[in-house]
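Below: one structure, written as structure tokens.
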Amino acid sequence: MIDHTGAQSYTSAYTPNSISRLIEPFRIYTTSFGSCNDFIYSTDPIKMQEDYPISMTEQKIPDRFVRLMEENDGTVWVRFNSYPRYKTKVSIDWIPTPLDLQDNTASYPKLPRGDIDNLIHGAAAYIAFDKEDTKMQGFLDLTKAGLQSMKKKNHGLLHRTGAHFGQIVPRVDMQVTPKRLNFGYTVTGTDSAAVTAESVQSMVAVTMSYTAFQAASTAASVTARTLPANRQLFSLIVKHSAQFTGSTITNVALDVGISGDPTKFVNAFDVDQATAASAQESALTQYYPAAETPILVRLISTGGNLSNLTSGTVIAYFQEIIVT
């Protein structure tokens with residue numbers, strides 16, 4: 001939006017020659033032996049956070065950056081995946097875009113100047129719809145086409161400054177991309193039907209409340225996970241988010257195993273202790289059954305039956321790998 005007045009001329013209040021787009025990766029000049037790249041390539045925000053979490057930023061010569069935001073005056077903010085120890089020279093090639101002349105600091109285009117037509121078409125479609133004009137569909141089609149063009153342009157900017165800059169990749173499907181291990185991320189689905197078609201490693205989380213174990217005895221088992229025949233159990237973690245307590249009960253221990261071997265993976269984990277970050281039990285295994293096998297979680301109480309339980313929640317995390 002530009003706030004025009006009745007003046008005969010307009011003067012820009014912003015610095016001219018804002019960045020229209022970056023045209024190639026950043027060139028880096030360093031004599032550090034720790035640098036193995038001559039360029040700093042761009043990536044998208046999600047991949048940057050997955051591969052280089054901001055909490056794990058380390059000191060080294062950066063080799064990836066991501067565009068964070070662009071201010072009204074054309075200033076582009078970027079984030080690097082690391083920081084150098086000493087001052088390092090970086091060369092950036094970019095194409096400038098002169099801003100429209102504006103008469104005050106409060107008026108500026110909401111979209112990049114080259115995409116203003118999309119805003120015009122969208123506004124025209126809205127007005128035509130409000131007036132029941134038959135031209136509405138035509139303006140709406142122009143708006144959709146413009147938004148798709150903006151999306152492709154954004155992808156092109158990532159490619160132009162990415163690791164494949166200048167390369168011809170006619171068959172993207174022929175590229176071999178290593179699969180990321182999603183350890184620590186929860187994938188929904190706890191039964192065999194939900195995971196048999198998976199093509200990546202998964203961390204399946206199962207939450208069990210005290211009500212699932214209430215029985216008129218001091219021991220009760222619950223099937224927490226049915227491991228399909230084509231999957232291998234790589235590791236598991238059990239952690240209680242609420243303390244298991246009940247009248248007359250003085251202790252509650254948790255086992256994880258299979259039928260005939262109830263302590264195969266975890267033996268007597270104390271779940272009536274206070275919850276804490278360190279209050280957990282884990283096991284690293286290479287369990288690959290020949291047939292579909294239930295993974296059992298068993299509670300054993302002391303001082304009273306499990307029917308006396310009044311609180312308690314435990315979460316079991318199963319890290320699995322598909323085997324074809």
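Looking only at residues of the range 315-324 that are out of contact with any Phe, Trp or Tyr (no Cβ under 8 Å at 6 or more places or on another chain) and in a strand (DSSP E or B), we find that the one that is nearest to THR245 (Cα to Cα) is ILE315.
For the range 209-232, which positions are part of a strand (DSSP E or B) and farther than 9 Å from LEU299 by Cβ? Selection gives SER209, THR223, ALA224, ARG225, THR226, LEU227, ARG231, GLN232.
Residues in the range 43-80 that are over 16 Å from the mean Cα position of the chain (by Cα) and either small (Gly, Ala, Ser) or assigned to a loop (DSSP other than H, G, I, E, B) (or both): 10 in all.
Yes/no matrix, rows are residues, columns are (1) within 20 Å of THR245 (Cβ to Cβ); (2) free of Cβ contacts under 8 Å to residues at least 12 places away in the same chain; (3) not hydroxyl-bearing (Ser, Thr, Tyr):
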position	(1), (2), (3)
ALA276	yes, yes, yes
GLN280	yes, no, yes
GLN286	no, no, yes
ALA291	no, no, yes
ILE295	no, no, yes
ILE300	yes, no, yes
GLY303	yes, no, yes
LEU309	yes, no, yes
THR313	yes, no, no
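Taken together, the residues in the range 57-86 that are surrounded by fewer than 16 Cβ atoms within 10 Å (Cβ to Cβ) and at pLDDT below 85 amount to 9. In the set (1) within 16 Å of LEU157 (Cα to Cα); (2) modelled with pLDDT under 75, ASN37 fails one condition alone, (1).
Scanning the range 232-245 turns up no residue that is crowded, with 16+ Cβ neighbours inside 10 Å, over 34 Å from the mean Cα position of the chain (by Cα) and not hydroxyl-bearing (Ser, Thr, Tyr). In summary, ILE321 fulfils each of the numbered conditions (1) within 30 Å of the chain's Cα centre (by Cα); (2) on the phi > 0 side of the Ramachandran plot with the single exception of condition (2). Tell me, which residue of the range 248-299 that is at pLDDT 90 or above and of a type in the set (Phe, Trp, Tyr) is surrounded by the fewest Cβ atoms within 10 Å (Cβ to Cβ)? Looking at residues that are at pLDDT 90 or above and of a type in the set (Phe, Trp, Tyr), I get PHE269. Total residues in the range 266-296 satisfying the condition of being more than 30 Å from the chain's Cα centre (by Cα) and either more than 13 Å from ARG231 (Cβ to Cβ) or of a type outside the set (A, V, I, L, M, F, W, C) (or both): the figure is 14. Can you find, within the range 237-259, the residue that is nearest to PRO289 (Cα to Cα) among those that are part of a strand (DSSP E or B) and in contact with a helix residue (DSSP H, G or I) (Cβ under 7 Å, 6 or more places away or on another chain)? Here the residue is PHE244.
The values are calculated or read from the model by the stated rules, or taken from the named source; none is laboratory data. Please read all numbers here as calculations on a predicted model, not as lab measurements. As a convention, Cβ positions derive from the backbone with ideal geometry for all residues, glycine included, and neighbour counts pool all protein chains shown.
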